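Right, one structure below, let's go through it.
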Amino acid sequence: MKVIVIGAGISGLTSAIYARRAGCETLVLEKALGPGGLSTSWSRKGYTFEGGIHWLIGAIPSIPLHSVWLETGALQENNPVYFKDPIYTLVDGNQRIPLHRDFHGLPVKGLRDTLALLSLRFHVWCFRYFHQPITDLRGLKVREPRPFSVWEYVRMLPAVLITPFLLVQSSRFYAKRFASKQIRGLLAAVVNPRNNALSMIYTLSTFAAGDSGYPEGGSIRMAGNMADRLLSLGGEIRYRTPALGVEKSSEGWTVRTEGESVQADAVIISVDARTAIDKLFPEPLQDRWARKMRASLETTQCMFLALGIKTALAEWPRSMQVVLRRPLEAAGFKYETLVVNKYPSEEGFAPAGCCVLTCLLHGNSYGYWKKAKASGTYVQEKKAIVEQLIEVLGEVIPEIRGNVAVTDMATPLTYERYCSTFEGSYMTNWPAGKTVCHAPIRYRRGLYFTGQRTLYSGGLPPAAQSGRIVAQTLCKDFGLVF
Ligand SMILES: Cc1cc2nc3c(=O)[nH]c(=O)nc-3n(C[C@H](O)[C@H](O)[C@H](O)COP(=O)(O)OP(=O)(O)OC[C@H]3O[C@@H](n4cnc5c(N)ncnc54)[C@H](O)[C@@H]3O)c2cc1C
């Protein structure tokens, strides 16, 4: 039984590892130079820029997803997880206000804030047992079955009951129940403020439960661990090998690459499904879900900026929500606050005595950058934004000035180029009040989708979970033992 997995991101690697464990001959085709996809880090002149994981859900054993991270080799002895607390610290002039995992120390003043904090605590409490269940498909032969537990689902009931209320409002709207601008700012830093409030409350509940940490070595080590696990099991990965097309053939499926056509019994597509439906088949897919996806999909885009700093910034918090004195203007957006993460030299991110600062700017700027590319101003505009960032951030963190050793910036066009995500989206999202359109995990016997767009909401958990489900679906279709 031969399986081809297209894409060596987290979902592709997860599915490949489980397929290989089930005895399939497994070949992963990846267009990039290495594993990880969107979950990646890269180096410039001795500085490493973490361009993926900010926190990993399932980092503690009590969360079922943890077993997937262990089985796929994502978490090992070489990447122990660091659990930050506070999650963020608001830097507003001379004030430093931490957002702790248990919310202690928030500047709550007056009845409105007191009530708002009470309800926030209650909502987070409702989600304390909420998690993505890791189960087995019905009728599947499994070596190590996961017993179904009704109790596991009963405990999620409080979360399920308040979910409709959280789905219809954005995180930004939810935060407005606080009178304190500073608390609003801190909450806005947790997830993309456009996302529904469910993603924010769920994320906060994972922090409150002691989960959501940062694995040492970051995205690149974790993805490398998974790639190594697949190779050690006897799987194969071909980098710099974009899949150009997938077709049904008499013996199964054919995947076309530059100069070669590879046959397989089954193909798993982990490329962003929105891209795949138009680009990977002889004709764009016209199934109902595909048409709905084309018509209704809202992408989530960001700009990512990174600075290598020639000083340690030791007295500055590790994760900050910085209130700027002047807004940063980038790609038609005005940012009055910035979420800034600091990566120290002790963890290998920078030469001794130095550090890295990264900053993720939410907002859909794909169209803007497309125009800049067409008019030939793309590179200059990126440069100007980085210079502006150094200026406005330097007004709050003066040590930055004159100490920037190296810079980098990714736009949606970067994500589109490297990972082929639709309009350069950096993860799937679930906007407030909207229904979302999934791609089916089983398109037909022998052809499957995983990763972006198959399970919601976004990030690494659905990538891993869909990778496991897809492998189970394949095993069931072909009578293999999972
Ligand atoms: C800046 C940033 C911060 C993030 N922070 C977090 C976080 O803190 N926590 C979290 O959970 N998630 C985070 N995410 C999101 C998370 O990284 C993604 O949701 C996840 O990695 C998606 O995995 P995937 O396998 O579904 O897709 P991808 O990573 O997109 O994998 C698809 C793979 O397919 C390859 N590919 C595409 N087309 C082809 C082709 N034709 N042939 C061969 N290969 C192809 C791509 O190169 C890629 O490797 C972040 C992402 C970014 C960019």
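The values are calculated or read from the model by the stated rules, or taken from the named source; none is laboratory data. Model, not experiment: these values are computed from the prediction. All Cβ positions, glycine included, derive from the backbone under ideal geometry; neighbour counts span all protein chains shown.
Filter the range 162-216 down to residues that are in a helix (DSSP H, G or I), in contact with a Lys or Arg (Cβ under 7 Å, 6 or more places away or on another chain) and farther than 23 Å from residue 322 by Cβ, then give me how many there are. Looking only at that region, the number is 2.
Is one or more of the residues making up the range 182-190 in contact with an Asp or Glu (Cβ under 9 Å, 6 or more places away or on another chain) and either aromatic (Phe, Trp, Tyr) or crowded, with 19+ Cβ neighbours inside 10 Å (or both)? Looking for residues that are in contact with an Asp or Glu (Cβ under 9 Å, 6 or more places away or on another chain) and either aromatic (Phe, Trp, Tyr) or crowded, with 19+ Cβ neighbours inside 10 Å (or both), one finds at least one in the range 182-190, hence yes.
Within the range 385-417, can you find the residues that are buried (at least 19 other Cβ atoms within 10 Å of the Cβ) and within 11 Å of the ligand (Cβ to nearest atom)? Once the filter is applied, which keeps residues that are buried (at least 19 other Cβ atoms within 10 Å of the Cβ) and within 11 Å of the ligand (Cβ to nearest atom), the range 385-417 yields 410, 412, 415, 416. Considering (1) within 19 Å of residue 451 (Cα to Cα); (2) in contact (Cβ under 8 Å) with a residue 40 or more places away in the chain; (3) of a type in the set (A, V, I, L, M, F, W, C), the lone condition that residue 285 does not fulfil carries the number (2).
Restricting attention to the range 434-443, does a residue exist that is near the ligand (Cβ under 10 Å from one of its atoms), touching a residue at least 60 places away in the same chain (Cβ under 8 Å) and of a type in the set (Lys, Arg)? Within the range 434-443, none of the residues are near the ligand (Cβ under 10 Å from one of its atoms), touching a residue at least 60 places away in the same chain (Cβ under 8 Å) and of a type in the set (Lys, Arg).
Any residue in the range 140-155 that is free of Cβ contacts under 8 Å to residues at least 12 places away in the same chain, of a type in the set (Gly, Ala, Ser) and out of contact with any helix residue (DSSP H, G or I) (no Cβ under 9 Å at 6 or more places or on another chain)? Yes, the range 140-155 contains at least one residue that is free of Cβ contacts under 8 Å to residues at least 12 places away in the same chain, of a type in the set (Gly, Ala, Ser) and out of contact with any helix residue (DSSP H, G or I) (no Cβ under 9 Å at 6 or more places or on another chain). Exactly one of (1) within 12 Å of the ligand (Cβ to nearest atom); (2) closer than 17 Å to residue 343 by Cβ is unmet by residue 37. Its number? (2) is the only condition that residue 37 fails.
Summed over the range 343-361, the residues that are assigned to a strand (DSSP E or B) and aliphatic (A, V, I, L, M) give a count of 4. For the range 421-431, check the following and say yes or no: at least one residue is aliphatic (A, V, I, L, M), more than 10 Å from the ligand (Cβ to nearest atom) and either at positive phi or at pLDDT below 95 (or both). No: the range 421-431 contains no residue that is aliphatic (A, V, I, L, M), more than 10 Å from the ligand (Cβ to nearest atom) and either at positive phi or at pLDDT below 95 (or both).
What about residue 112, is it surrounded by 13 or more Cβ atoms within 10 Å (Cβ to Cβ), modelled with pLDDT of 95 or more and over 14 Å from residue 206 (Cα atoms)? Criteria met by residue 112.
Remark: residue 117 falls outside the filter, which requires a residue to be more than 16 Å from the ligand (Cβ to nearest atom), without any contact (Cβ under 8 Å) to a residue 60 or more places away in the chain and not in a loop (DSSP other than H, G, I, E, B). Considering the range 224-253, and only residues there that are within 21 Å of residue 66 (Cα to Cα) and in contact with a helix residue (DSSP H, G or I) (Cβ under 7 Å, 6 or more places away or on another chain), the residue that is farthest from the ligand (Cβ to nearest atom) turns out to be 233. Applying the set (1) at pLDDT 95 or above; (2) closer than 21 Å to residue 43 by Cα; (3) touching a helix residue (DSSP H, G or I) at 6+ places or on another chain (Cβ under 9 Å) to residue 347 leaves exactly one unmet item: (1). Screening residue 70 against (1) out of contact with any helix residue (DSSP H, G or I) (no Cβ under 9 Å at 6 or more places or on another chain); (2) within 18 Å of residue 223 (Cα to Cα); (3) more than 16 Å from the ligand (Cβ to nearest atom); (4) assigned to a loop (DSSP other than H, G, I, E, B) leaves a single unmet condition, (4).
The residues listed here are 443, 448; of these, the one that is more than 27 Å from residue 75 (Cα to Cα), in the same structural domain as residue 69 (by TED's automatic domain parsing) and not in a loop (DSSP other than H, G, I, E, B) is 443. Scan the range 250-257 and tell me whether some residue there is surrounded by 14 or more Cβ atoms within 10 Å (Cβ to Cβ), assigned to a strand (DSSP E or B) and without any contact (Cβ under 8 Å) to a residue 40 or more places away in the chain. Among the residues of the range 250-257, at least one is surrounded by 14 or more Cβ atoms within 10 Å (Cβ to Cβ), assigned to a strand (DSSP E or B) and without any contact (Cβ under 8 Å) to a residue 40 or more places away in the chain, which makes the answer yes.
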